[in-house]
Structure formats: C-alpha cells, structure tokens
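Enquirer: Structure incoming, see below.
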Amino acid sequence: MTLTIARKEATEMARDGRFRWAVGIVLVLLLGSLVAGWTHYASAEAERATAQASDREVWLGQGEKNQHSATHFGAYAFKPTTPLTAADPGVLPYTGTSVFMEAHSGADADFRPAEDATTVQRLGSLTAASTLQLLVPLLILLLAFSAFAGERDAGTLRQLLSLGVPRKRLALGKALGVASPILLLVVPLAVVGVAALALLDGPGSPLATLGRASMLVGVYVAYFVLVLALSLLVSAWAGSSRTALVTLLGFWLVTSFVVPRVAVSAADALHPTPTLTAFEESWRAEREALPPWPDRVAEIEERLMEEQGVDTPDAITASVSGVALYEAERDETDLRRPLYAALGEQYETQTQTAQAVSILSPLLAVQLVSMGLAGSDHAHHRHFADAAEAYRYDYVQALNQDMIDENADWSFTVGREMWEEVPPFTYQTPSASWAVGRYGLSLGVLGAWTLALLVALPIAAGRLRAA
Amino acid sequence: MSAPILHARGLTKRFDGATAVDALDLTVNAGEVYALLGPNGAGKTTTINLFLGFLVPDAGAALVDGLDVQAEPLETKHRLAYLPEQVALYPSLSGVENLKYFAALAGHDLSDADLAGFLDQAGLQREAHSRRAGTYSKGMRQKVGIALALAKGAKALLLDEPTSGLDPSASAEFSGLVRQLANSGAAVLMATHDLFRVKDTATRVGVLVAGRLREEVASEALPTTDLEALYLGHVHGAKTPVPA
Amino acid sequence: MGSSVLRFETKRLLASGAAGITALLLLGLIAYAGYVGVQHTSEQRGVIETYAADHAESLDAVRQRVAAAESTAVANGESLDGPVAFGSRHPYVIGSAQGRVLTLEPAPLAAFAVGQSDLQPAAVRVTIGGREPMGGAAALDHPLKLLAGHVDLAFVFVFFFPLLVLALTFGLTSAERESGLLRMVLSHPIRLTTLAAGKLTVRAALLFGCAAVGTGAVWLASGAEGGVGRWALWLLVVVLYGGFWLALAAFVDSRVRTPVTAGLVLAACWLGLVVVVPAVVNVVATSLYPVPSRMDYVTARRTAAGLAEREGAASLARYFNDHPELTTVEEEEADFPMLRVAQDERIAEALAPVEARFTEQKAGQQRFVRALGYLSPAVLAQQAFLDVAGTGHARYAAFDAQTEAFHEAWVDRFAPAYFERQPLRLADLDALPTLDPQIESTADLLSRLAGPLAALALLAALLGAAASRGYGRAGSAL
C-alpha cells in the first residue's frame, strides 16, 4: 500500500510541468557549477604544482651565498587543495594561497583570491555546494509542502482516510513519493562524482579523498532527508497548504541567508579576533623581552669565551654570528608561535560558536561540515600554514646550524650542494577523521534535528485530521 | 415615453467560439424592475458584465442612460449601482467605512450622518453600522449594497442573483427595497432564477436561454402568466427552438 | 477618485498590521545594519589613525636622527650640503626605509556598505622598492565572516528590501479579485490601473519613507560629515531598485488570477534575480576571464629578483642607460642604495608584462560583470550602493591608480638623490610629496552611475507600462 501511494505521488510530480522545469534548472546549475568548479580546481592545482617546482628551482639556483642570506632569500609554500574543493571551495577565496618562508618571520599566507575578484563575488558564488545547500532543499520543500495540506485543501484527505488507509503508511508513502525523484536526481550525480574522484589522482592518497567524498555525499543526503521530513511535518501540522508553504519558505530563507551571517557575526562579537594593528602591537611588545642584537652578541661572546677559556672575542673559535642567529630564531619563534596559536585558537573558538548557533539552522551545520570534508575550511588552511611554519623553522635553523658547524662568518658562502640538502617543501592533507573531528558539534546538531523530526513525523501523521 | 436607462442593442459576446450573449436587444426604463430569467449559463451574468464594461462586446453595444459603455466607461459607471450575488465588503472595515469608501470612489464625499441615513434607509440596524463587515450576514451585506446605490443616486441597478441564499424573510425585505428604489425612479435589471421573487418584484420579465431573449412578459400580462410553465417550456424547448 | 484610493488604502494598510510589521522589520534591519556599518567604519578609522600615528612617530624618529647627524657633521666641520655617504643623513632613510604611508579615509557614507573594505588595504606604504598594502580593520577576521558577508545596509537593501516590497504587494489587486471585492470596486467610476497605482503609491510611500528615515538616522549616527548628496544618491538607488520590484509585482499581479500564483511567481523572480543570476554571472566572469594565479606572479617576481641580484653590475649599467640625465657611477663606487634602486627597476621591468596580464584580466572581468550586471537589477543595485558608499571597485581602483602615480613621483624625488649623494635635510622632511585623497564628487558619481540607474529606471518603467496595459485589458476586472 505504501508503494502504491509513493507511485501515485511520483506520477503526479512527473506529470507536473513546473516540477520538470525546476528539476531541469537545478540539474543544469549543478552540472554547470561542477564543471566550472572542476576546471578552476584543475588549473589552480596545475599552477600550484608548477609554481612549487619552479620555486624549488629558484632555490637551488640561487647561487653562492652566505647561509643566512639564503634564509632571507627564502622559499615559498603554495597551498594545495583537495579535488573536493571543486564542489565546495568554502573559504578558499578568503584565505591566502602562498606563504613566504623566511628567517625571523612567521607571517600568514598572502594573496587571497577574493582580493582579485569582482564585487559580485560578495553576492554569492554558484558552486555545487551552494546549489545543493540552497536550491535542492528548496525544490524538496516545494514538492512536499502540499503532501498533506494540499490533500486537505482539496478534500481528498477525507476520502483517503475514509478508505481506511493507516495514517503512518500514508506518511511513509508520501515521503517515498517525494524522495524518489529527488534521489533519482542526486544519487547518479553522487555516484559519478565519487567515481570520478576515485579515478583522479589528487594530492594525497585518492582513497583519503574517496572517504571524504563518501562522507560528503552522506551528509547531503542526510540533510535532504531532514528537509523532506520537516516539510512533511509542517504539511501535516499546517491548516492549509498556503500556511505550510509560507512556513517552509520562511524557514528556508532564515536558515539559508540569515542564520549563517548572524552566527559568524555573533561568533566574532563573542570571541573577537584582534585587528591587524593590535596584533602587530602585541608582537612588538613580546619582542621587546628579547635582548637587542648587540647585547645578544656580547652575551654569546662572553659565554663562548668562558667555554673556550679565551680572553678576547677575536680568539673565539666558533661562529658567534651563527650561534646568535640560531638562538635569536629560536627565541623569536618561541614567542611568536604562541601568539599565532592564540589567534588560531580564537578562530577555532569562533568556528565552534558558529557550530553551536547551527542548532537554529541545520543548513549552517551542513555548510560547516561540507567545508571541513572538502578541506576548504579555515582549519585546513591553518593546518597548511602550521606545516609551512614548521618547515620554515627547520630549514632556517638547519642553515643557521650549518654556519655554526662551518664556523662561518658573514663572508662565508655555500652553494648548490647546501641548497640541495634542504629538503623540498611537501604537504600532506590531514586525514578525513581529522577533518570530521572538528565538526562533532555540527554533526550532533544534524543528528538531533533528524532524530527529532523522525520522532515527530509519525506522531504528527498519527494525529492527521481530515479537516 | 423617455429614453431607456439600460439599453442592449444587438449585444453579442462570444467566448472561445461559444456564443454567451447572442444579439440581445433589451431596454429597461426608469421605474422598471426587469427580471432576466434563465438557467445557469444562459448569459445573464455576461449581460451584466457587459453593462459594467467588464467585458468587451463582439457586436452591438450596451448603453447606460444613452451612453455607450465602451466609449464612456467611467461616465456610465457613475450612473450604475451593482449588487453581485455575494456583496463583497472589506472585512476589517465597518459598514459605514465601506460605504464611505465606495461612495468616495463614485465621487461623493458624504458626511457620517448622510452615510448612516442611507444605511438606515437600506434597513441595516444601527448597532451594525460600526461593526466590522467581516461579521455581517449575507443579508446585511446586501443592505450595504442597497445603501450604496442610494448613496450614489444611481439611475440604474444591476442585480446578479441577489436573493439566492437569503432566507425567505430577508428575501422579502430585499425585494421591498428594490421596489422602493424603482419607485423612486431607478431602472433595475435583475438576473435571477428565483421565480417566486420575480413574481412580486419585477415589472417586466425576459426569459434568456443560450444567450437569446426567448420571450418578454410585459407588466400588465405578468399577474396572469404562469411563469414556471413559461420558463420550463423555454428551457426544455431550447434544444429544439420553437419556430417564430 | 485616485485620492480616495490613496486615503483609503493608507488607512487600510495602517489598520491591517502589515504596514506596522513591515515598517518595524525594515527599520529594525536598517538599525542593525547601521550598527554593523558604523562599528566597522569606526574600527577602520581606528586602524587608519594607528597607521598615521605610527608613521608620524617614525618620521619624528627620522627627524631626530637627521638632526643629530647634522649637528655631528657641523661639529666635524663638514658641509651639510656636500655629498653624503650611506647613513643617517642619506635620503635612503626616507625614500626606501621609511617611505610614506598613504591612508584611504572612509568615504562619508562608508558605514552604509562594508563592501570591499574588509578585503582591500586601508593604507599603502610607498617606498622606492614598491607599494606595500596595509590591512584594514577586518584583516584578521575569520574567513567565514568574509565568506558569509556583513549584514550592512547594502545587503539589507539588495537582499531584504525586495522581499519586503513583494510581501506587501504580491496580491495587489488579485487578493481583491479572489474575494470578489474587485468587481464591487470596479463597478464604480474608477479604472483598475488607477486603483493599482493608488495601492502601489501607498506601499511605496511606506517603504521608501522607512528607508529614508532609517538611513537618515544611520547617516546622522555615523557622524554625518558631509555626504548629504551621497545620501540622496543612496536613496535614489533605493527608489529605483525598489521601483523595479514594485513594478514587477504590479506586472505579475496584472497577469495572474490569484495571490498565491503571484506570490510563487514573484518568489521565483526574487530567487532568480537576487540569488541565482549574480552567482551565475560570477562563475561565468571568473571562467571567461580567469585572473592569472598569484602563484605565477610570485614565481615571476622570484625569478626576476634572483636575476637582478645576480647581475648587480649589469642592472646598474642598464639603469644609467635608461636614465641618461644621471651622472654615471662606476660599479665599485656604487653604494647599496644605488644598487637597490637599479635592481628594483630591473624587477619592475621584468614583472611589467605579468602585471599587465593581471590588470588586463581583472579589468576584463570587471567590464564583463558590469555588462552582465544588467541581467540582474540586484547586481546593478549592489554595485551602485558600493560606489555610493565608496567601498566598491571604483574607489579601490582609483586609490590604486593614485598610489601608483604617487610611487612614480616618489621614485622621481628620491632615486636621483641617491645617485647624486644628496644629503637628506631637515627641511626635506617637511616637504615630502603628499597625496590628496580626492573623494569623487556626487555629480561625478551620479554621471558614472547614470547607465545602471537609467537601466533600473527603464526596467521599472517598462514593467510599469506593461502592468498598466495588463490592468487596462478587457476582462481584467473579472
């Protein structure tokens, strides 16, 4: 009987010209956004690989120079992205793409793509993620809002119930009826998408991406089920289909456009990040705790004279400059890293706050998890920036150490052999579980919403009245 | 005799090939109550819509007080009052407020005392004057419609099934009001299939079937005519028209 | 008759509660957005003041060092105008080390739209070596916030205002048709067009009145230094954009039978024009005119820098070749500032084609978006709002051009001094090149926005005319 109802629902929909148009438009937008996203990802990734390789060439070919000069010549780390960012670019446009790794500096990445974009970008961009997050749920609720309320308006609900159709079966049939065309739309796309990912050789192991992709599909399907259940619930509760429609459209509008903005504003208001000037000021203040360069050199000279039992600085048989540079880098880094870590924690707290607010909008939870799984959230950016900073410190100190080992002064130079000893920068995207781990709160919110709806729906269906 | 107030001259209206009103010739003079009898779909409402200018005739013309409705849409409406089957009023406004607005649309800026006077005349109880129209019964709304015709000083009244759904006493009261309006010089065209009301309200009756006026019964012949037999004869004979 | 409709509809709208809710919602949104904007602008001003203060402080420090060096020189019996070696009295301390910080003051109406001010620099430090952007108040904001965007007045008007317009007008006459009232009303000597126009006027007055009062209050709260003209221009954009939506609502109302259909059609129009079309325009623009990756830019700069460094002597020779007005200095006599200038010019030369490609693609993208913006009134309105607030593309492009010209003037001022070993005198510090941060006049702004505004007006007029035709059609009363 459930299947009979489902079949009738699906037939009605398939015969509705407006439905065919709406599905067609959404499908075209989804495919278009995927193609555009993939093209963009593929070219950006190719450019990145070329840039990283040529930066290595520049490094190796920098010629003879002092080790410490080389740490100022520096090297670049270019941020790789996962293929999933083709579907959900997340905050990528608003985070830097490259880090200049140099001695005495631990700056964040530069060149946010959004700086080079037009102002239309701020009205929102068409991505597979935005289509799945905004348009598909809209389609679902437009299909489902009249499921019960419409039959009540038309008087057919009275007829159905008088035939002795159990209310819960009716609800299940309606749900399947609305879900099947949506699933017919989404599932093939998901399968093709995931299969394409499996065949492609992205950075990191393809299997890792596959895991992320499967979870991504799971999250979206779960959200669609949630929207469907909510629509049916409202349809069962509402007195008329007009009320059901207005309620659901209001929910869609508020969760899509109001809550996300309010959530991040609230997060920023509750846990504000410093302004750039304030942050630089606090770094200046920290740095004042360090001895000025001449004092540091004098202290080291004294220490070395004592160690080596000599009386004059000239008699020291070690690279005072090397030791001074090594220790300065260490001390500065020890002070700088906590500052950046605190800033990073502040970002993480803001993300967590936004996740907490997502109890008001399960869509926000989906958006956050989606970015996390696609690797286009701020946490992944920070993971990359941290990796660059770790590399920076290691290679700078390796060169400073070499000055010490070679007992070098400022006029001492090394060449290609030394540059080759510095390993190239490589970056490993963190695991899927790492990515998901940050979004426990969002997943909890999604679970809670789904659970609440799945409990409420049979109750509402059981209380369904004909008029 | 003076010129008719309402005059249909070869009035014809077709919808998608089907002829709703077919070369209708009809006149209603001042002081007359003309009942247009006919089954559903006979073209009664279409005729009224043509007089209101809501529809454009395919041939012929509807004249109000000698003016062509199509040529003078606003001028003819000054002379008309219209009461549909369901007199619709703004539910959040009172009867007085509704009346005031509609009268203002007709260009009459009336004092509250005048408005109350018209409502009194139409028989709306005083306590209902300032009540929201959303709470009115059908009969009360009809009374506001009559008051509107009075306020407008309309030369002609177009009534579309005015008594259907009214209980017998409300219906009788309404008929009395219509007679009163006619007596004071208005021409009344009333589309109806309420044979009982026609008998005691109308001064003249026309039987409309499939857009054509089959028969007119003049006022002097009315008391002696069996309207029911006449009506049924025309309705059933419509399939095989009686040769003229 | 029209005036009766106006009076009556005003009374009815006020009595229905819809007016109150709409006004409250709109004023509430404006108040919140105004707060967001004023807050952001004051933070931005704070950051700019810090930059200016830091710059003044460093200039003072330079002044003191120069003064000290001058007294030492006088004590040593040196001439203050003679050739100077690299040190405290060398122009390098200003020309390359300190430079000049040029700040971009928020425009009078900046609080109305955060626009690009959360992405673009608030100031630029210009040295001979180039221009270094300095981040604004939002430089360290969570990228999620940048992605989500601010709830500022531009957002409220581009996004919510149409929804309020549509909520108030979607059943303009079809609601009365459904309840049978329309037949009653039209049996009186009044045209449907007049009736609809009266209803629209009342609603427009309410919406635009709230917009004027609300934005006026925000303008006063933001300090209201000048900018009356810009505020008027903002309202003009609101009226034209709102006018488009009013006309669209009337058009749809004139063609459909029931308010539910009208509501669905208008909701679809809103979704299409405000959400989908801008997103599609954005994707098409970035796909057709992809801005070259900044990674390429970085690589090109690195390669050029490496080359210039390796060929130090050749760079210098080339520099003198390009600047015949300068007296040639031999490589062994050349000091660090001279080599630096010569290298910087080499790097700039090598980067010129890369930068040209960037500029070209970005300009192409901008032109394309301007052209395609005509597909959606929301895009036109957004760009106009940002331009009026002075936080859009035009303002930042103008600032970029200004600082670029300033950089050239700066190089012309200091590079010859390096080669002629002219000392930096105290008086020079008071006569540094300055930048007059000109804010576009309202008239210029208006003429620049003429195209989009005319398009909005034309669209509204066409829809209005079509609506009027629809209302005038035979049978429209039924």
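Enquirer: Between region C:285-330 and region A:230-260, how far is it from one alpha carbon centroid to the other, in angstrom?
Expert: Value for the Cα centre distance between the two parts: 59 Å.
Enquirer: If you wrap a convex hull around the alpha carbons of chain B, what volume per residue comes out, as a whole number of Å³?
Expert: Per-residue hull volume (Cα only) is 130 Å³.
Enquirer: Output the 0 to 90 degree angle, nearest 10, between the alpha-carbon long axis of helix A:2-15 and the longest principal axis computed from the alpha carbons of chain A.
Expert: Value to nearest ten degrees: 80.
Enquirer: Would you work out the Kirkwood radius for region C:155-293? I mean one over the mean of 1/r across all pairs of different Cα atoms, in Å.
Expert: Result for region C:155-293 stands at 17.2 Å.
Enquirer: Determine the percent antiparallel among the DSSP beta bridges restricted to chain B, to the nearest 5.
Expert: Numbers: 20 of 38 bridges.
Here the antiparallel bridges make up roughly 55 percent for chain B.
Enquirer: What FRET efficiency do you get for A:Leu451 and A:Asp16 if R0 is 41 Å and r is their Cβ-Cβ distance, rounded to the nearest 0.05?
Expert: That pair, A:Leu451 with A:Asp16, gives E of 0.80.
Enquirer: Sticking with this one: Using the per-residue mean of other Cβ atoms lying within 10 Å as a proxy for protection, in what order, highest first, do the peptides A:56-63, B:137-144 fall? Could you put the intermediate results ahead of the total?
Expert: On the way: A:56-63: 16.4, B:137-144: 21.2.
In descending order of packing, they fall as B:137-144, A:56-63.
Enquirer: Using the Kirkwood radius over Cα pairs, work out the Stokes-Einstein diffusion coefficient for region C:321-478 at 10 °C and 1.306 mPa s, in µm²/s as a whole number. Walk me through the numbers before you get to the answer.
Expert: Values: Rh = 20.9 Å.
Answer, rounded: 76 µm²/s.
Enquirer: Which whole-percent values make up P(r) of chain C when all C-alpha to C-alpha distances are grouped in 20 Å steps starting at zero?
Expert: 20, 41, 24, 11, 3, 0
Enquirer: Still on this structure, please answer the following. What FRET efficiency comes out for B:Ala113 versus C:Ala205 if R0 is 35 angstrom and r is the Cβ-Cβ distance? Round to the nearest 0.05. Before the final figure, lay out each step's value.
Expert: Working: r = 32 Å, r/R0 = 0.90.
The value I calculate is 0.65.
Enquirer: Also, I was wondering about something else. To check you understand DSSP bridge types, tell me what percent of the beta bridges within the protein assembly as shown (both residues inside) are antiparallel, rounded to 5.
Expert: For the protein assembly as shown, the DSSP antiparallel bridge percentage is about 65.
Enquirer: How much mean residue ellipticity at 222 nm does chain C get from its helices, if each DSSP H run of length 4 or more adds -39500 (n - 2.57) and you divide by all residues, to the nearest 500 deg cm²/dmol? Before the final figure, lay out the partial values.
Expert: Details: 18 runs with 322 residues, N = 478.
So the helix-based figure for chain C works out to -23000 deg cm²/dmol.
Enquirer: How large is ³J(HN,Hα), in whole Hz, for each residue of region C:455-464 in order, when computed from phi with the Karplus curve 6.51 cos²θ - 1.76 cosθ + 1.60 and θ = phi - 60°, using x for Gly and Pro?
Expert: 4, 4, 5, 5, 4, 4, 5, 4, 5, x
Enquirer: Using 0.36 nm times the number of residues separating C:Leu220 and C:Arg425, minus their current alpha carbon distance, what extension gain do you get?
Expert: Using 0.36 nm per residue and subtracting the Cα-Cα distance, I get 69.3 nm.
Enquirer: Starting from the eigenvalues of the Cα gyration tensor, five times each then square-rooted, give me the equivalent ellipsoid semi-axes of region A:18-111, largest first, whole Å. Write down the numbers at each step before the final one.
Expert: On the way: eigenvalues 343, 37, 7 Å².
Output for region A:18-111: semi-axes of 41, 14, 6 Å.
Enquirer: For region C:1-84, state the semi-axes of the equivalent ellipsoid (square roots of 5 times the eigenvalues of the alpha-carbon gyration tensor), sorted largest first and rounded to whole angstrom.
Expert: 71, 14, 6
Enquirer: At a 10 angstrom cut-off on C-beta neighbours, averaged per residue, how do the peptides B:165-173, C:205-213 rank from highest to lowest?
Expert: Numbers: B:165-173: 14.7, C:205-213: 18.0.
In descending order of packing, they fall as C:205-213, B:165-173.
Enquirer: Let me ask something else. Could you give the length gained on full extension between C:Thr328 and C:Val228, defined as 0.36 nm per residue of separation minus the Cα-Cα distance, in nm?
Expert: Working: separation 100, 0.36 × 100 = 36.00 nm, distance 5.59 nm.
Additional length available on full extension: 30.4 nm.
Enquirer: Whole number please: convex hull volume per residue, Cα atoms of region C:95-242, in Å³.
Expert: 149 Å³
Enquirer: Can I ask one more? Scan around B:Asp58 for amide H atoms under 5 Å from its own, H built in the peptide plane at 1.01 Å from N, and keep only partners 5 or more places away or cross-chain.
Expert: B:Thr12, B:Lys13, B:Arg14
Enquirer: Can I ask one more? For a paramagnetic label modelled at 7 Å from the Cα of C:Tyr374 toward its Cβ, which residues of region C:383-402 fall within the zone defined by backbone nitrogen distances under 17 Å?
Expert: So the set is C:383-384.
Enquirer: For region A:58-126, what are Rg and Dmax over the alpha carbons, in angstrom?
Expert: Calculated on Cα positions, Rg and Dmax stand at 16.4, 51 Å.
Enquirer: Using alpha carbon coordinates only, what is the Rg to Rh ratio of region B:51-167, with Rh defined as the Kirkwood radius?
Expert: Result for region B:51-167 is an Rg/Rh of 1.00.
Enquirer: Let me ask something additional. How far is the Cα center of region C:28-51 from the Cα center of region A:326-387, in Å?
Expert: Answer, in whole Å: 25.
Enquirer: Please list, in order, the residues from region A:308-352 whose amide nitrogen is less than 16 Å from a point placed 7 Å along the Cα→Cβ vector of A:Ala390.
Expert: Within reach of a label on A:Ala390: A:337-338, A:341.
Enquirer: If you consider only alpha-carbon coordinates, what radius of gyration and Dmax does region A:294-442 have, in Å?
Expert: Reported Rg and Dmax, both Å: 22.8, 73.
Enquirer: Here's something else I'd like to know. When N is the residue count of region C:217-302, what does its C-alpha Rg come to as a fraction of 2.2 N^0.38 Å?
Expert: Output field value: 1.77.
Enquirer: Give, to the nearest whole percent, the P(r) tail of the protein assembly as shown beyond 60 angstrom, counting all Cα pairs.
Expert: When all Cα pairs of the protein assembly as shown are counted, 32 percent exceed 60 Å.
Enquirer: Helix A:241-253 against the longest principal axis of chain A: what's the angle in degrees, Cα atoms only, rounded to the nearest 10?
Expert: It is inclined by approximately 0 degrees.
Enquirer: Work from the charge dipole of region B:1-133 (Cβ charges, +1 for Lys and Arg, -1 for Asp and Glu, about the Cα centre) and give the residue of B:Ala62, B:Val28, B:Leu119 farthest towards its positive end.
Expert: B:Leu119
Enquirer: A follow-up question, please. Quick one: 3J(HN,Hα) in Hz for region B:100-114, Karplus 6.51/-1.76/1.60 with θ = phi - 60°, rounded, Gly and Pro as x.
Expert: In residue order, the calculated couplings are 4, 5, 5, 5, 5, 4, 8, x, 10, 9, 9, 6, 4, 5, 4 Hz.
Enquirer: Let me ask something else. Can you sort B:Glu97, A:Glu345 so the residue with the fewest Cβ neighbours within 10 Å comes first?
Expert: So the ranking, lowest neighbour count to highest, is A:Glu345, B:Glu97.
Enquirer: Given Cα positions, please report Rg to Rh for region A:316-370, the hydrodynamic radius being the Kirkwood one.
Expert: 1.47
Enquirer: Only residues of region C:120-149 count here: report those whose backbone N is under 18 Å from the spot 7 Å along Cα→Cβ of A:Thr349, or say none.
Expert: C:140-145
Enquirer: Can you run phi through the Karplus equation (6.51, -1.76, 1.60; θ = phi - 60°) for region C:384-390 and list ³J(HN,Hα) in whole Hz, with x for Gly and Pro?
Expert: Values, residue by residue: 5, 4, 5, 5, 5, 6, x Hz.
Enquirer: Counting alpha carbon pairs within less than 8 Å and at least 6 residues apart, what relative contact order, in whole percent, applies to region A:179-336?
Expert: Computed over region A:179-336, the figure is 12 percent.
Enquirer: Considering only region B:111-216, what is the antiparallel percent among its DSSP beta bridges, to the nearest 5?
Expert: 45 percent
Enquirer: Then there's this: Quick one: if the Förster radius is 22 Å, what FRET efficiency do A:Leu183 and A:Trp237 give, using the C-beta to C-beta distance and rounding to 0.05?
Expert: 0.35
Enquirer: What is the set of long-range amide H partners of A:Asn407 at a cut-off below 5 Å, with H atoms built 1.01 Å from backbone N?
Expert: Those lying under 5 Å, H to H, from A:Asn407 are A:Ser319.
Enquirer: Rounded to the nearest 500, what is chain A's calculated 222 nm mean residue ellipticity when only DSSP H runs of at least 4 contribute -39500 (n - 2.57) each, over all residues? Present the calculation step by step, with values, prior to reporting the outcome.
Expert: Values: 18 runs with 319 residues, N = 467.
Calculated from helices alone, the mean residue ellipticity at 222 nm is -23000 deg cm²/dmol.
Enquirer: Which order do B:His236, B:His7 fall in if you start with the one that has the fewest other Cβ atoms within 10 Å?
Expert: B:His236, B:His7
Enquirer: Give me the base-10 log of I(q)/I(0) for chain A at each q in 0.10, 0.11 Å⁻¹, Debye formula, one uniform scatterer per Cα, rounded to two decimals.
Expert: -0.83, -0.94
Enquirer: What is the distance, in nm, between label points placed 7 Å from the Cα along the Cα-to-Cβ direction at A:Trp434 and at C:Ala56?
Expert: Between A:Trp434 and C:Ala56, the label points sit 4.8 nm apart.
Enquirer: Averaged across orientations, what area in nm² does the convex hull of the alpha carbons in region C:212-367 project?
Expert: Convex hull of Cα atoms, orientation-averaged projection: 17.1 nm².
Enquirer: So how far, in whole Å, is the C-alpha centre of region A:115-169 from the one of region A:430-466?
Expert: Using only Cα atoms to place each centre, the spacing works out to 18 Å.
Enquirer: If you take every residue apart from C:Glu333 with its C-beta less than 14 Å away from the C-beta of C:Glu333, what net charge results, scoring Lys and Arg +1 and Asp and Glu -1?
Expert: Net charge in that neighbourhood comes out at -4.
Enquirer: Please state, to two decimals, what the Cα-based radius of gyration of region B:9-88 comes to when divided by 2.2 N^0.38 Å (N = residues).
Expert: In units of the globular-protein estimate, region B:9-88 measures up at 1.07.
Enquirer: What does the average come to when, for each residue of peptide A:268-277, you count the partner chain Cβ atoms lying within 10 Å of its Cβ? Provide the component values of the computation, followed by the final result.
Expert: Numbers: counts 5, 1, 0, 1, 4, 6, 2, 13, 12, 15.
Counting Cβ atoms of other protein chains within 10 Å of each residue's Cβ and averaging gives 6.
Enquirer: Amide H to amide H, which residues 5 or more places from B:Val209 or on other chains are under 5 Å from it, using H placed in the peptide plane?
Expert: Residues meeting the criterion, in which the H sits 1.01 Å from N, are B:Arg214.
Enquirer: For chain C, build the charge dipole from Cβ charges (+1 Lys, Arg; -1 Asp, Glu) around the Cα centre, then report which of C:Pro292, C:Trp245, C:Phe8 sits farthest towards its positive end.
Expert: C:Phe8
Enquirer: In nm, what is the difference between 0.36 nm times the number of residues separating A:Trp410 and A:Gln159 and their Cα-Cα distance?
Expert: In short, 80.9 nm is gained.
Enquirer: Okay, next question. Show which aspartates and glutamates lie in cross-link reach of B:Lys13 when reach means a straight Cα distance below 16 angstrom and same-chain residues fewer than eight apart are skipped.
Expert: Reachable aspartates and glutamates: B:Asp22, B:Asp25, B:Asp58, B:Asp68.
Enquirer: With a 10 Å Cβ neighbour count serving as the proxy for reagent exposure, in which order, fewest first, do B:Thr12, C:Thr41 appear?
Expert: Working: B:Thr12 18, C:Thr41 25.
Ranking B:Thr12, C:Thr41 by Cβ neighbours within 10 Å, fewest first, gives B:Thr12, C:Thr41.
Enquirer: When the C-alpha atoms of region C:346-402 are aligned to their principal axes, what extent does each axis show, in angstrom, from largest down?
Expert: Largest first, region C:346-402 extends 46, 22, 9 Å along its Cα principal axes.
Every read-out reported here was derived from the displayed coordinates using simple, explicitly stated rules and does not represent laboratory data. What you are looking at is a predicted structure, and each value in this text was computed from that prediction instead of being measured. FYI the Cβ positions are ideal-geometry reconstructions off the backbone, even for glycines, and counts take in every protein chain you see.
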